[in-house]
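Remarks on the structure that follows.
The values are calculated or read from the model by the stated rules, or taken from the named source; none is laboratory data. Quick caveat, the model's predicted, so the values are computed rather than measured. Cβ atoms come from the backbone with ideal geometry, glycine included; neighbour counts cover every protein chain shown. These accessible areas exclude ligands, DNA and RNA; they are computed on the full protein's heavy atoms, side chains included. Shrake-Rupley method; radii C 1.70, N 1.55, O 1.52, S 1.80 Å.
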Amino acid sequence: MRKFLMAASVGILTGAIATTQVAAPLLAQESAKSSNVYEQLDLFGDIFERIRAQYVEEVETKDLIEAAINGMLTSLDPHSSYLSPEDAENMQVQTRGEFGGLGIEVTQEDGFVKVVSPMDGTPADQAGIESGDFITHVDGESLLGLTLNDAVELMRGPIGSEIVITVVREGEAEPFDVSIIRDTIELTAVRSRVERDAVVLRVTTFNDNTYPNLESGLKEQIEALGGMENVSGIVLDLRNNPGGLLTQAIKVSDAFLDKGEIVSTRGRDPQDGERFNATEGDLAGGKPIVVLINGGSASASEIVAGALQDHHRAIVVGTKSFGKGSVQTVMPLRGNGAMRLTTSRYYTPSGRSIQALGVSPDILVQQPPRREETEEEQEIRPGRSEADLRGRLNNDSLSEDEIKQIEEDRARAEEAAKLREEDYQLAYAVDILRGLSVIGGSQQAE
């Protein structure tokens with residue numbers, strides 16, 4: 001019994017020693033980390049005081065602190081930043097769909113401002129600014145070395161005032177200046193129209209109005225075509241759409257899905273992950289869908305394109321998207337400011353992250369560059385056929401209805417040719433829907 005107790009005591013003692021030997025280094029490491037943090041904070045305080053006391057010009061304390069906070073956040077990634085009270089208010093206005101400026105969504109790359117996409121109908125769009133352009137100067141002042149917020153601040157100004165930006169564009173030998181008049185940006189989140197027998201839904205941004213606009217616009221165009229049975233399909237145009245609210249991206253995806261996952265988000269802590277699933281109901285009634293994307297399609301646009309692509313609900317056409325697969329959470333701060341912090345990545349239903357990779361289209365279709373026709377091209381007449389020849393023989397075997405059908409087919413062909421000149425990618429999408437509807441119709445007949 002005495003031997004047992006002794007053995008037990010030795011075991012307990014040994015365990016205590018082992019525990020102490022493991023825990024002591026861990027406690028020492030934690031203590032060292034805390035010490036390093038306080039040392040760094042002391043260093044910051046020392047530098048802060050020296051700037052206040054010895055800088056060549058007097059500096060506002062508030063500006064120094066805001067600059068330090070913003071520097072800390074922007075060092076993390078291009079999308080994290082500090083929002084002053086004024087910037088926080090402007091962001092809330094933008095999500096409501098109306099604000100002042102040029103009408104471009106920008107990011108920062110290699111020290112310069114890169115255009116993610118110009119917004120439809122805005123001064124930047126009308127001035128010919130394109131996705132992928134680099135803005136190097138504003139009114140002759142270089143943007144190199146400025147934070148993204150500072151660069152954006154330079155581009156802001158009174159409505160009606162002129163700004164000259166210097167643009168570097170791939171394929172152009174030299175930088176060039178573009179003059180733009182600032183204006184109030186009133187975004188129509190969704191524009192709808194009919195191209196032949198396809199409904200085109202042009203989604204320009206994801207704000208509070210996006211899903212309501214999409215739902216009402218789709219309903220209006222279906223009625224214009226005389227009912228869903230006359231609709232060949234839907235083109236969801238997400239080109240140059242820089243994104244916006246995650247909630248709206250989920251609603252737009254859900255509008256065309258009956259079930260299944262739409263998107264999932266995963267943060268540093270696995271417990272913080274979320275999954276968003278579709279609910280029953282398809283606004284398109286099962287009709288074919290083509291999604292158009294390009295290098296200016298980012299964030300929320302990529303969520304929608306990825307969800308519909310993974311569920312085989314849509315054919316994705318165009319060029320690879322921008323590749324912004326991260327989620328930013330806006331956190332209110334004291335003093336009415338806010339912090340925009342990247343808190344998670346989002347994943348498509350198949351589990352793929354598109355961060356820095358983008359969504360690859362099912363069918364790659366480049367958009368030909370815009371150019372003015374030469375005088376020689378304008379003089380070239382369209383091709384001629386037998387029907388165009390003077391003194392041609394009439395086809396006596398055709399009825400009036402058949403002749404009318406031929407004339408309607410010719411008008412549609414001319415309309416399609418015109419659309420290809422105006423927007424080749426959209427024309428391609430409409431042609432795909434037309435082909436799918438023909439196949440679907442023949443299968444139903446069988």
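Screening Leu225, Leu143 for residues that are under 22 Å from Gly285 (Cβ atoms), hydrophobic (A, V, I, L, M, F, W, C) and surrounded by 13 or more Cβ atoms within 10 Å (Cβ to Cβ) leaves exactly one candidate, Leu225.
Residues in region 422-446 that are modelled with pLDDT of 85 or more and either part of a helix (DSSP H, G or I) or of a type in the set (Phe, Trp, Tyr) (or both): Glu422, Tyr424, Gln425, Leu426, Ala427, Tyr428, Ala429, Val430, Asp431, Ile432, Leu433, Leu436. Being open to solvent by 10 Å² or more (accessible area, probe 1.4 Å), in a helix (DSSP H, G or I) and either farther than 25 Å from Asn70 by Cβ or without any contact (Cβ under 8 Å) to a residue 40 or more places away in the chain (or both) is the requirement here; does Glu153 meet it? Spelling it out, Glu153 is indeed open to solvent by 10 Å² or more (accessible area, probe 1.4 Å), in a helix (DSSP H, G or I) and either farther than 25 Å from Asn70 by Cβ or without any contact (Cβ under 8 Å) to a residue 40 or more places away in the chain (or both). When region 168-187 is limited to residues that are out of contact with any helix residue (DSSP H, G or I) (no Cβ under 7 Å at 6 or more places or on another chain) and part of a loop (DSSP other than H, G, I, E, B), the one that is surrounded by the most Cβ atoms within 10 Å (Cβ to Cβ) turns out to be Leu187.
With respect to (1) out of contact with any helix residue (DSSP H, G or I) (no Cβ under 9 Å at 6 or more places or on another chain); (2) part of a strand (DSSP E or B); (3) of a type in the set (Val, Ile, Thr), the lone exception for Ile159 is condition (2).
Conditions (1) open to solvent by 10 Å² or more (accessible area, probe 1.4 Å); (2) touching an Asp or Glu at 6+ places or on another chain (Cβ under 9 Å); (3) within 22 Å of Gly103 (Cα to Cα), marked per residue:
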residue: Arg239; (1), (2), (3): yes, no, yes
residue: Ala249; (1), (2), (3): no, yes, yes
residue: Ser264; (1), (2), (3): no, yes, no
residue: Ile289; (1), (2), (3): no, no, no
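Return the residue satisfying two criteria in turn: it lies in region 328-352 and is under 28 Å from Arg313 (Cα atoms), outside any loop (DSSP other than H, G, I, E, B) and at pLDDT 90 or above, and of such residues it is least open to solvent (accessible area, probe 1.4 Å). Top of the filtered list is Ser344. Could you please find all residues in region 154-195 being under 22 Å from the mean Cα position of the chain (by Cα) and either hydrophobic (A, V, I, L, M, F, W, C) or farther than 25 Å from Gly244 by Cα (or both)? Those that are under 22 Å from the mean Cα position of the chain (by Cα) and either hydrophobic (A, V, I, L, M, F, W, C) or farther than 25 Å from Gly244 by Cα (or both): Met155, Val167, Val168, Arg169, Glu170, Ile185, Leu187, Ala189, Val190.
Every listed requirement among (1) open to solvent by 30 Å² or more (accessible area, probe 1.4 Å); (2) at pLDDT 95 or above; (3) under 17 Å from Gln366 (Cα atoms) is met by Phe322 save one, (2). Glu86 falls short on exactly one of the conditions (1) at pLDDT 90 or above; (2) open to solvent by 30 Å² or more (accessible area, probe 1.4 Å), and that condition is (1).
In this entry, Arg275 is excluded by the filter for residues that are at pLDDT below 95, out of contact with any helix residue (DSSP H, G or I) (no Cβ under 9 Å at 6 or more places or on another chain) and either surrounded by fewer than 23 Cβ atoms within 10 Å (Cβ to Cβ) or hydrophobic (A, V, I, L, M, F, W, C) (or both).
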